[in-house]
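Note sheet for the following structure.
The values are calculated or read from the model by the stated rules, or taken from the named source; none is laboratory data. Bear in mind that the values here come from a model prediction, so they are computed numbers and not experimental data. All Cβ positions, glycine included, derive from the backbone under ideal geometry; neighbour counts span all protein chains shown.
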Amino acid sequence: MEVSHIKVVSLGHEGGIAKGVIDDLESMGASCTWMDVGRSDFDRTVVDWRSTLSGTHWLILEMSSFGKEVSISSAVGAAMVFAELEGAKTALVVDEGSIMDAERAWGAIVERIRQIGFISMSADGRDMIASMEEVDGSEIGGLLRLRGLVSVVAIMDEGSSLVEIHHNLGVEMGSTAVENLKSMTASMLAGLPSSKYSSEGVRSSAGI
């Protein structure tokens, strides 16, 4: 599947990582729809979610959206429900540096974890989640993959460019040529639909 045939929808905040992922995917030729849920005039009740998400491969969300105003968390929650109905996979990016109620955000995500097909995070994001889950950081990938049944969990140490990816067939590790988490997330979301989620496809999509 060529990137030009990939359709993605994203809800997030202007300047946030989800917008950066969308910009990268758009530059690759993907069909992208962006919604800035941080705008004062954003009204989730007037969005035709079925039409918006019809034929979509990915719904891309930021963790922080679940830990902000109730109206924003309600909007992303509604989008997830309709994404599941329309057959779109939800991709979550852990934006650990954003201002949010992290405990509330992670709690809301855990409640919906079975609806999420892909999670990406930095090493700092992994450590933040590990602290809330009260486990060692090394356990987070396997915990989300096995207990949460998330198909792909990608963790990138942006300082060393080392990547750890947990997926249905095992764990892939290596150094990536991709420069940061934003770009790696975009690369994976562009490449995974045509990769059949094979070990080789997962590695190639992550640049390792």
Inset, instruction - Tell me, yes or no, whether region 10-29 has at least one residue that is surrounded by fewer than 18 Cβ atoms within 10 Å (Cβ to Cβ) and in contact with a helix residue (DSSP H, G or I) (Cβ under 6 Å, 6 or more places away or on another chain). - result: yes
Legend entry - Odd one out for residue 139 among (1) over 22 Å from residue 58 (Cα atoms); (2) buried (at least 18 other Cβ atoms within 10 Å of the Cβ): (2)
Inset, instruction - Mind listing whichever residues of region 57-78 are without any contact (Cβ under 8 Å) to a residue 60 or more places away in the chain, buried (at least 20 other Cβ atoms within 10 Å of the Cβ) and more than 25 Å from residue 126 (Cβ to Cβ)? - result: none
Legend entry - Filtered residues of region 1-33 (kept if in a strand (DSSP E or B) and over 16 Å from the mean Cα position of the chain (by Cα)): 31
Inset, instruction - Please specify each residue of region 86-104 satisfying the condition of being of a type outside the set (Ser, Thr, Tyr) and either under 14 Å from the mean Cα position of the chain (by Cα) or modelled with pLDDT under 95 (or both). - result: 88, 89, 91, 92, 93, 94, 95, 96, 97, 99
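Give the residue that is farthest from residue 152 (Cα to Cα), with candidates limited to residues of region 101-122 that are aliphatic (A, V, I, L, M) and buried (at least 21 other Cβ atoms within 10 Å of the Cβ).
105
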Inset, instruction - Show the residue pairs that are 6+ apart or on different chains and have beta-carbon atoms under 6 Å apart, the first residue being within region 172-191 and in contact (Cβ under 8 Å) with a residue 12 or more places away in the chain and within 13 Å of residue 208 (Cα to Cα), the second being assigned to a strand (DSSP E or B) and among the acidic types (Asp, Glu). - result: 173/164
Inset, instruction - Within region 142-153, work out how many residues are in a helix (DSSP H, G or I) and either touching a Phe, Trp or Tyr at 6+ places or on another chain (Cβ under 8 Å) or surrounded by fewer than 16 Cβ atoms within 10 Å (Cβ to Cβ) (or both). - result: 3
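Only one of 107, 125 is within 14 Å of the chain's Cα centre (by Cα), over 14 Å from residue 12 (Cβ atoms), assigned to a helix (DSSP H, G or I) and not hydroxyl-bearing (Ser, Thr, Tyr). Can you tell me which?
From the options 107, 125, the qualifying one is 125.
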